[in-house]
Amino acid sequence: MAMKTGDAFVPKQLSEHLKESLPDVYVDDLLITLKYFIDEEEPHLWIEEHEVCMRCEHKPCLYFCPVGVYTLGSDGKIQVAYQSCVECGSCRIGCPYTNIGWVLPRGGFGVAYKFG
């Protein structure tokens with residue numbers, strides 16, 4: 001798989017209008033309202049090829065996940081703690097090499113969101 005280059009990791013500044021229109025959201029306050037039903041037999045997230053991650057210079061997966069599912073192991077490999085995933089889908093678009101496998105958890109497992 002070819003490695004991408006360019007300005008993919010250059011941070012973009014939000015306009016003042018957009019900054020003012022965004023609500024104050026504290027992720028920790030939202031996360032405590034979730035219920036998790038963990039499937040220990042079939043993970044719904046995985047790294048496709050660890051070699052691709054090893055060559056990735058910036059490793060954005062360590063930063064874009066709102067609950068910190070991805071961590072760097074002592075062996076240099078990306079570790080996936082899929083049990084804490086909130087199924088937001090950021091990893092589906094955040095990895096510049098599309099090296100993260102993602103499927104919905106099988107029936108009865110995953111996050112139970114509280115509506116209302």
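Table for the structure above
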| quantity | calculated |
| --- | --- |
| Residues of the stretch 75-116 that turn out to be at pLDDT below 90 and among the polar types (S, T, N, Q), as a count | 3 |
| Residue list for the stretch 75-97, restricted to those being free of Cβ contacts under 8 Å to residues at least 24 places away in the same chain and either loosely packed, with under 12 Cβ neighbours inside 10 Å or of a type outside the set (Lys, Arg) (or both) | Asp75, Gly76, Gln79, Ala81, Cys88, Gly89, Ile93 |
| Within the stretch 86-112, considering residues that are among the aliphatic types (A, V, I, L, M) and under 11 Å from the mean Cα position of the chain (by Cα), the one farthest from Cys61 (Cα to Cα) | Val86 |
| Any hit, the stretch 65-74, residues being buried (at least 16 other Cβ atoms within 10 Å of the Cβ), under 13 Å from His44 (Cβ atoms) and at pLDDT 90 or above | yes |
| Test: Glu48 is modelled with pLDDT of 90 or more and among the acidic types (Asp, Glu) | yes |
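The values are calculated or read from the model by the stated rules, or taken from the named source; none is laboratory data. The model shown is predicted, which means the values in this text are computed figures rather than measured ones. For neighbour counting, all protein chains shown are included, and Cβ atoms are generated from backbone atoms with ideal geometry for every residue, glycine included.
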